[in-house]
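Computed from the coordinates by the stated procedures, all read-outs in this text should not be read as laboratory data. Because the structure is predicted, anything quoted here is derived from the model rather than measured. Quick reminder, even Gly has a Cβ in these numbers, built from the backbone with ideal geometry, and neighbours come from all protein chains shown.
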Amino acid sequence: GPFVNRIQEINTGLTQLMQDPELSRWLSEIDIAKGNNAETVTLDGQSYTIADAEARLQAMPKMQQINQLTQELASIETQLKSWQDNMSNDTRQAVQNVFIGAGNETSGVVNTSGALLSRTWNAVKSKAGMNWALPDVRPMDSPSGTQRNRDMTHNVLSYFGTAAGIGSMIASLPPSAQAKLTELLTKLSATYGPKALEKLATIMSTKMATAAGVAFSAYGAAYYGSIATGLNYPNVSIGDATYELRPSTATRAIAGLAATLDGLAAGATATGAGAGVGLALGVLGMIGECAAEFSLMQDQEKLEAVVNNVMNAPDGPAVMQGLDRLRQTYGSLENIQDVLGQVPLHQSDNPPQWNKGDVVTTEQMSAFEQAARANPQQNPLSGKTVDRDLVGAVMNKILEAGVNGPPPKPAEVRTAIAEMMKGLDERWTSDDDATQSFFNQIGLRFGDSPEKFQKAVSLLGSDVRLKMFKMLDEGITTGSNLAWLGLDEHSSDLSEAAVIEALAGAESDPRTKGQMIALLYDGVTRERFEDLSFKLIEDTRAAGLKSGNLRDFNRLIDSIKIDGRSLLQETPHELSPERAGKVLAWMVQGLQHETDAGKKAQRVADINTFITEASGKWFADDNITVALLDELKALKIPATALKDIVPQSQVLAMFRNLEGGWTTPQEYVLLERLALAATPETRATMVADLMSGATFDRAEQAIKKLIDLTPPDQQRRLFDRVDMHKLGAELETTGDAADVLKMLTQTGVPADKINSFVDGVSTQGWLNGKDDDLIRTLMGNLGSREIAAIPDSVRLRFFKALDGGDTSTQEYTLMQTLANASSPATKAEMINYLLAQDPTVTAQENIIYETLRVTPYEGRQFLDVVSHLNTGQLAEELESNGQASQVAVWLAKAYHQAGQASGAKLDDFLLNLAHNHRDEAINGFVDHADVKANGRELYKRIPAATIQQMATKLMNDGTDEAEEDCIMKLLDNTSWDQLRAVFDRGGNAFIDQMVNDLDVEDYGKVMGWMAELGQSSKIEYMFGKIAGSDWFVDTTSDDAAYALTGQLSDATINKMPKTVLSKLHAAMDDGWTTSEEYAAMNRLKASSNW
């Protein structure tokens, strides 16, 4: 009794403490953080490590109280177990003897006590016409708690009369004893009423007249304590059968109080309390025992009523009539189930020995006995009592009435069973035994008829089936409920599992199915129950598909809850990976059938929660994801559908499920499919995951596949987030690298990324490490559009790489393509690179020439290129005179297009040509149609100094005839202003060179130009140089003078200074003068200057 009371107090205290808001919040937040594998948790605005938060939680005063109460509870349970285990058979027998008149050899104190009680209760019994009103009621307004308890006790005892001496005995009791007596009698009066109390008086007078109660108070405490705690079910004989009576809740409470009073009496005797107090406590103990016996008798009457009205009813209608009588007496049928214990089927120390092959009817053995028959060597029933639960038997009787005719209406059966089930799981720790017994009997009665068995189960109704399901599932998940029979756990599970499957199989309501699944999840799921959970889900979905609507499937998913707490997230843990993945795919399918916006949002949340749980399954998460994607494919639901359902973090989590650990070829195919649901940014992370650590061929193929899956207009978003160097180093083939390079050029990624990519590709050692071969391969599938999109720095890199080593014709072609697509500055860099080669080969010179050819004048592009060039070196390296002359023309035109007269780059180019005596190139320039156009407009823009220097350079180191012609062409094509400036700038030194290097036949022409320009002094100087030249002397002066005069036109002679004319005349007049010479002399005399 004290144990029971204290346990109740502890439970009440724990409940109140756990409801503390602060404590609840800390416990909840820490649990959530630990469930998420977090290292810290934020509480009251402060971050703690999990260990620190738990330490602070344990330091809270209320948490310390919880720990203390929990420790005390464990101690009490240990003591109770020890008390029960250590009670000897002699002790048990002695307790029973108290109630059959044994022990008369006890002390005089006890006998005196018995005599007193006898007189007291005989007086009560013999009182005729007893008035059960309260004859002597004391007011209950005393402020003193002690006096108030005494007054209450007095008033309750007034039901039995005021026997001599009782009042004084009660008055001598300690306050605690008075309070317990008050509680007991108040409980009796509230439970049973006046008429029942009259019956109690009879019992008490008889019991007290024959029992020596005080001496056996300790045994009474033990006996009634065992009843109060549910450890003792008294046997009751009804007809020819013996039943175990399960004490009702009221009886157990009264037995607990009786055990307490007996404990007080035993304590007083053991400590040598005064005779008055000891006697009074003895009286209290006897009163308590009598009250308990009376309450047990009430339970026995109820048990007899159930057996007579139901168990002994001959047919279905009689059963239903009996139930109605029980309702009239006890109200709802839920009020009869609390006294129903066990009905023995077999009790023997030597049960029959069965061997395999024996024929034994089902009526001869229960399901447990059938299990024993399957393994007779162990003989688990030896010395055991195999019982069937009376609640189960009664419910089975009701159900049988609904199956075998003439049956009642199904609703009546369902109502009766539901009433019986109310409170069953509250009152029994072995409620699953009751349900199991119930189904064992169903199996025995209807096992040969599946139709009847199914009908019996279906008659129960969803609520009852769910309650039974819960009871059975709880029993299994907490351990084998048949361990006390010696049966192994596996056999136990199979028995109850079959019942659970029967209940689930009879269920049609998807909401109930969902709750059943939740119950299975909440326990320790066995393989057989995993099969059942999956079957419930699978069958409900199949039925929905058949009807064209998955509404019931969605309802089932919504209902996987216990007390409003969803257990859907347990599916990945409770089902095999393959099944869990299928269920997730079905949830996606179910979402497509949902029309309610609110429910659709919840379904999306459920799917995300499911994926989160599935992604934490370590070795199983990849198999779950495999099953999901395979099932989606089978359902013709594209992986892209996930993009609108789950956030990208979940898509990435599923990808990592597949990619983590050892990835199979099938998983690579699936992760490529899953990538369809990813954004470019998520795909970039996927690519990074694939590139992390060592990669194999299949991973490298997957990298390329993920890039290929990304639409061109989205590839930039992927490339911006990928380590391009690593990407280049991880691609499987040069072909893949070339494809990616093409994508990079098409998406406009920065040059540093392309360079980084090429750097990575270069590390792979492809093509014997030859950069030109590698670049040639990478550029193999780049069109002009892609090449034009390559950043200049990358083009320059490719250009130089292609020129390295033994450059093929194809590589030169690629170089030209790169150059043509480059900016002016980069073109200049390329040209300068080629100019720096020693030597520059024809193919390189052709690239230089072609690059300049395609560079337009517009926007000063051509001038921008040449502005970065050493055009003198350019002229030096262009060995082709045709190319050189053409480049000179382009330079002249570029300046003209830019509105400039000319420029240093053209000057340097032309001067280099002259320096190298490349008269053919210079002639080609001067004779070019573009140069001649518009009155030699382009040529006239060339500075005179440049022309003079060109002529001078051509005359340096001696001249041949071609060079002499080239010099004359340079001078002949100038304007008069240019020519004047040439002669002026050149001065006498220039005249000296002309006299020395030009052909003598050109002297007259030069002097004629000077005459036209009015440069008499220059003519005089030139003639002086001529007259002193070897030619003039060697030829003889008259012949030389004649030849020179012949080169002059009459117009020129008219402009020649007289000094020169006279000297020419004198030279011809000297010596033998021919008629031709006289004619020439006359022309000189005809000059206006003569």
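Some values worked out for this structure:
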read-out	value
Cut-off 13 Å between beta-carbons: net charge of the residues surrounding D984, Lys and Arg +1, Asp and Glu -1	+2
Residues R541, R511, sorted so that the one with the fewest Cβ neighbours within 10 Å comes first	R511, R541
Diffusion constant of the range 801-878 at 4 °C, which comes from Stokes-Einstein with the Kirkwood Cα-pair radius and 1.567 mPa s, µm²/s	104
The range 957-1090 - convex hull of alpha carbons, volume per residue in Å³	100
For the range 782-794, 3J(HN,Hα) per residue [Karplus equation, 6.51 cos²θ - 1.76 cosθ + 1.60, θ = phi - 60°, Hz, x = Gly/Pro]	8, x, 4, 5, 5, 5, 5, 8, 5, x, 4, 5, 6
Cα-projected label distance for Y857 with A688, points at 7 Å along beta-carbon direction, nm	5.4
Values of log10 I(q)/I(0), in the order q = 0.11, 0.19, 0.20 Å⁻¹, for the range 858-961 under a Debye, Cα-only, solvent-free model	-0.29, -0.90, -1.00
For the range 836-871 and the range 735-814, distance of Cα centres in Å	22
Cβ-placed point charges (K, R +1; D, E -1), dipole of the range 516-575 about Cα centre in debye, nearest 20	240
Efficiency of FRET between I76 and M297 - r from beta-carbon atoms, R0 41 angstrom, step 0.05	0.85
Convex hull per residue volume in Å³, alpha carbons only, for the range 508-646	103
Which of K1025, K34 has the fewest Cβ neighbours within 10 Å, and the rest in rising order	K34, K1025
Segment D20-K600, extension gain: residue separation times 0.36 nm, minus the distance between their alpha carbons	205.2 nm
T679-A1079 pseudo-label distance in nm [points 7 Å out on the Cα-to-Cβ vector]	10.2
Sites N549 and L709, calculated FRET efficiency, Cβ-Cβ separation with R0 35 Å, nearest 0.05	0.55
Assigned charges on the beta-carbon of Lys, Arg, Asp, Glu; the range 999-1090 dipole about Cα centre (debye)	520
Segments 547-553, 721-727, 562-568 sorted - mean Cβ within 10 Å per residue, highest first	721-727, 547-553, 562-568
Nonlocal amide H pairs with S332, under 5 Å, H built at 1.01 Å	none
Pairs of Lys in the range 999-1090 closer than 14 Å at Cα, counting only those 8 or more apart or on different chains	8
Relative contact order, percent, the range 804-874 [alpha-carbon distance under 8 Å, six or more residues apart]	39
Length-normalised contact order of the range 823-983 in % [C-alpha pairs under 8 Å, at least 6 apart]	19
Mean Cβ count within 10 Å, highest first, over the residues of peptides 646-653, 594-601, 770-777	770-777, 646-653, 594-601
Table column - 3J(HN,Hα) (Hz), the range 238-253, Karplus curve with 6.51, -1.76, 1.60, x for Gly and Pro	10, x, 8, 10, 10, 10, 8, 8, 8, x, 5, 4, 5, 5, 5, 5
Contact order relative to length of the range 999-1090, as percent, for alpha carbon pairs under 8 angstrom and 6 or more apart	31
Extension gain, S1029 back to R717 (0.36 nm per residue minus Cα-Cα distance, nm)	104.1 nm
Quarter of the Cα convex hull surface for the range 743-801, i.e. its orientation-mean projected area (nm²)	3.6
Order of W1009, W766 - criterion: other Cβ atoms within 10 Å of each residue's Cβ, fewest first	W766, W1009
Residue-wise HN-Hα coupling along the range 859-868, computed from phi with Karplus coefficients 6.51, -1.76, 1.60 (Hz; x: Gly, Pro)	x, 6, 4, 5, 5, 4, 5, 5, 5, 9
